[in-house]
1. Pick from A:232, A:295, A:77 the residue whose mean-square fluctuation is largest in a GNM of chain A, springs joining Cα atoms under 10 Å.
2. Taking the Cα centre of the protein assembly as shown as origin, sum charge times position over the Cβ atoms of Lys and Arg (+1) and Asp and Glu (-1), and report the length of that vector in debye to the nearest 20.
3. Taking 0.36 nm per residue of separation and subtracting the Cα-Cα distance, what length does fully extending residue A:169 through residue A:73 add?
4. First measure r as the distance between the Cβ atoms of residue B:191 and residue B:146, then evaluate 1/(1 + (r/R0)^6) with R0 = 41 Å and state the FRET efficiency to the nearest 0.05.
5. Just need the relative contact order of segment B:277-498 here, percent rounded to a whole number, with Cα pairs under 8 Å and 6+ apart.
6. Label points 7 Å out from Cα along the Cβ direction at residue B:182 and residue A:184: separation in nm?
7. Once the Cβ-Cβ distance between residue B:289 and residue A:271 is put in as r, and R0 is 60 Å, what FRET efficiency do you end up with, to the nearest 0.05?
8. Please rank A:33, A:264, fewest neighbouring Cβ atoms within 10 Å first, as an exposure proxy.
Amino acid sequence: MTTDVLVAADSPAAEPPQRRGGLSPLARYLLIRLALIVPMLWVLVTLVFFLMRVIGDPITAAQGGRLTAEQIAERKAEAGLDRPILTQYVEYLGDIVRGDFGRTLTDNREVTDILLVNGAATLELSFWALFVAFGLGIPLGRVAARHRDRWPDVVLRLFAIVAYAAPVFFVGLLLKLATAPFGWPTAGRASTATELTLAKVDPQTNIMIVDAILWGEPRYVVDVLQHAVLPAVALGLLTGGVFLRLVRVNLLQTLRADYVTAARAKGVPERKVVSKHAFRNALVPVVTVMGMQVAMLLAGAVLTETTFEWKGIGYELAQYLIRRDFLAVQGIVTVIAFIVCVASFVIDAVVALVDPRVRF
Amino acid sequence: MTLLRRRMTVLASAALAGSVLAACGAGQSDDDGDSLIVGTTDKVVSIDPAGAYDNGSMAVQTQVYQYLLNFPPGSTELTPDAAEECDFESPTVYVCTIKSGLKFANGNDLTASDVAFSFQRIVDINDPNGPASLLGAMKKVEARDDTTVAFTLAAPNDQTFPQVLVTSAGPIVDEETYPADEVLDDDAAVEANGFSGPYTIGEYKKNELAEFKINPDYDGTYGEPKSDVTLRYYADSNNLKLDVEKGDIDVAHRSLTPTDIESLEKSDDVTVHTGPGGELRYIVFNLKTMPGDDDEQKQAVRQAAAYLLDREEISTEVYKGTYTPAYSIVPEGQVGATEAFKDKYGAKPDPDAARKVLQDAGVSTPVELNLQWNPDHYGNSSDQEYQAVKRQLEEGGLFSVKLQSTEWNTYSEERVNDAYPAYQLGWFPDFPDPDNYLTPFFAPNNFLQSHYEDDRMTKLLDSERTDADQASREATLAKIQEMVAEQVPVLPLLTGAQVAVAGNDVDGVSETLDPSFKFRFSTLSK
């Protein structure tokens with residue numbers, strides 16, 4: 001779903017875009033991108049639906065060691081799992097079209113409740129991770145580009161490789177082991193007292209930092225922030241490493257552009273050349289890549305949330321997968337796919353709108 | 001651009017200042033109190049008893065519901081809880097009289113009608129995750145008046161039925177707030193407040209946090225609770241261990257790894273409490289597909305395996321003492337438990353006896369045994385456990401063991417389809433009665449489906465189940481255990497101790513680690 005960026009100026013045969021069916025090329029491009037989301041989601045839902053049936057059912061997973069085969073078959077029938085798989089599939093598709101993701105088989109929870117409550121937790125973690133990723137990746141990328149091939153650049157390139165190559169759970173574990181002896185919080189979104197207090201906030205957003213601010217006591221805000229540090233760093237480093245390298249490469253390319261040479265020739269100081277003329281243009285590809293990073297963040301969230309007991313949809317996905325809860329896994333995967341598709345679409349739309357080099 | 005940047009800076013500063021001001025504002029009051037925090041890796045399936053039959057749900061139900069009968073802390077004797085008394089009125093009718101004046105926390109009266117409703121709806125709903133199978137012995141339940149409830153049983157003098165009243169099938173729910181035909185959602189159950197146990201639930205986030213508040217009107221077996229308790233759920237035992245070690249939680253109960261427990265035992269800040277366990281780890285032999293040309297040879301192979309095992313070594317080396325040797329199918333601490341396997345095969349490996357039993361039956365050695373184990377259902381140490389079993393069986397050259405592992409769902413399906421000649425299983429009892437370790441395993445059409453069936457055993461089981469005389473029942477139980485040791489249809493390996501780790505300032509942990517397997521928060525205080 002990411003945009004193909006072609007440099008129109010390099011192509012002498014490029015012709016002005018034509019209107020078709022009364023729609024501008026941009027509108028047509030965006031509509032096609034939007035429409036593509038539906039078949040992508042359908043393929044994914046179908047794949048997950050059938051794959052989950054292959055790996056086993058929740059009743060055998062829970063009771064396989066203590067009930068007879070007949071008793072298990074009875075319970076499967078009771079849960080409707082003995083019906084033809086195609087019937088179940090068509091029924092499920094109908095339900096999700098109506099926005100009904102059903103109830104989990106293993107703990108009788110509304111899947112939409114999981115998506116809303118735990119989804120908010122994942123959103124919060126993604127926010128903090130992006131905060132770390134931008135906070136580290138962009139300024140450090142700039143430093144690396146400015147000191148090209150000198151020791152700061154070498155160190156930062158190495159750091160970037162390690163950051164995105166190291167498995168999130170491994171980084172998480174190291175961070176936990178390093179900080180636990182000093183009493184730093186290593187699990188959960190807040191301490192028990194804070195969670196109990198913030199559960200009383202009305203209306204509840206399930207975004208802990210917002211609830212803490214709404215409650216209005218600094219100690220809870222501090223507690224929530226402390227708990228967010230390790231998971232945000234573990235997940236943020238993954239994306240931060242990518243941003244660092246991306247900013248560095250693009251800044252180096254931009255610094256070789258003609259208009260930058262012209263600026264230098266006019267006597268503009270190097271610091272100003274970088275910050276005012278080159279840096280912003282170098283950020284455009286970062287925006288493009290952000291669409292892909294959403295998918296990467298959500299994938300990383302599954303591991304990060306499990307490592308740090310951050311009860312988001314990634315954590316729940318891992319838990320329900322272990323218990324073979326079809327409905328929960330299908331619902332969560334569908335929503336994650338939807339988020340990734342929409343994020344990619346939004347990024348494509350933004351890039352198409354702001355970057356004249358994009359061809360439709 | 002400079003102007004824009006300035007504006008942005010002003011806006012950002014204003015937003016930040018606003019947040020800080022809001023954060024530093026007057027604040028709403030909260031009520032931290034001095035409650036205890038208990039951590040667990042168990043999960044709740046449902047607070048509603050009709051929808052759950054698992055440890056995590058039972059841990060919550062134990063705190064908030066009353067039962068007709070219950071076990072007081074530290075006791076294995078059934079004591080009236082919501083009931084005043086219970087007894088057999090006739091061989092097939094078991095009658096309980098309810099205490100008068102009992103109320104649910106929402107103000108509704110708790111009557112015999114609520115009790116009958118609670119049991120009947122479990123059977124009617126028959127939820128796939130529910131405990132309906134535990135009520136197979138109950139034909140009918142009816143409230144005769146406000147204080148009398150009568151159970152009509154399928155078999156006369158069923159001595160296990162009173163024990164069933166204490167299981168996941170036993171919590172009493174409020175007829176006015178629980179639906180008769182479907183499981184009540186957890187949030188709705190908390191909202192309904194139809195609890196009459198020692199605690200009610202305050203804040204509740206499923207499988208994240210549950211706040212238990214003392215129920216001042218509780219009148220039952222557990223006595224007056226000492227402290228409010230918050231239960232915090234973990235996915236990873238490592239996080240549970242770190243938090244109890246740091247003092248972020250007061251008690252860690254279920255389930256820490258043997259390595260974690262060993263490490264916590266060295267800590268000065270926490271105490272490791274252990275209690276008798278009911279969990280059993282054992283090897284099942286498929287009597288049809290296991291090695292051996294005939295029944296005699298097959299029995300000799302099983303007996304030889306029994307002679308060669310060193311349970312003590314597995315207990316100390318693999319499980320660091322968190323599991324102890326099981327020398328009978330009925331674990332130590334249960335009524336009527338013996339050490340039948342130790343009596344017959346000894347506590348230490350006896351290769352000479354193993355060789356003799358194989359030679360006498362004409363079994364050629366080494367016996368090639370495919371032994372199946374499961375990596376994802378019985379804990380991370382299963383791998384080491386079965387490596388040790390293989391090594392012990394192969395010492396002396398009598399066995400050549402091929403270990404194979406399979407993912408749990410496939411394992412569960414294949415084991416009952418004669419795919420494994422010998423395989424690992426574990427058992428957690430439904431109720432603390434020796435019959436729960438016998439009838440499910442050795443009665444006809446048992447869940448093992450290993451082709452074991454013996455008329456003598458069936459008669460003995462029928463006899464112990466319906467024998468009201470304790471001494472005579474224990475004698476029958478001893479005979480059954482002897483027979484299991486002789487025939488070895490299953491080979492008991494280890495029994496799991498109950499372990500809880502608590503801060504040194506926490507009292508009452510050991511009191512609740514008893515054979516009832518009920519972790520009662522009401523005994524805890526600091």
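Rule-based calculations on the coordinates, nothing more; no lab input. The structure displayed is predicted, hence computed values, not measured ones. Because the Cβ atoms are built from the backbone with ideal geometry, glycine has one as well, and the counts that use them run over all protein chains shown.
1. A:77
2. 6860 debye
3. 30.8 nm
4. After rounding, the FRET efficiency stands at 0.95.
5. Relative contact order, segment B:277-498: 39 percent.
6. The two pseudo-label positions are separated by 4.8 nm.
7. Given R0 = 60 Å and the Cβ-Cβ separation, E is 0.15.
8. The fewest-first ordering by Cβ neighbours comes to A:264, A:33.
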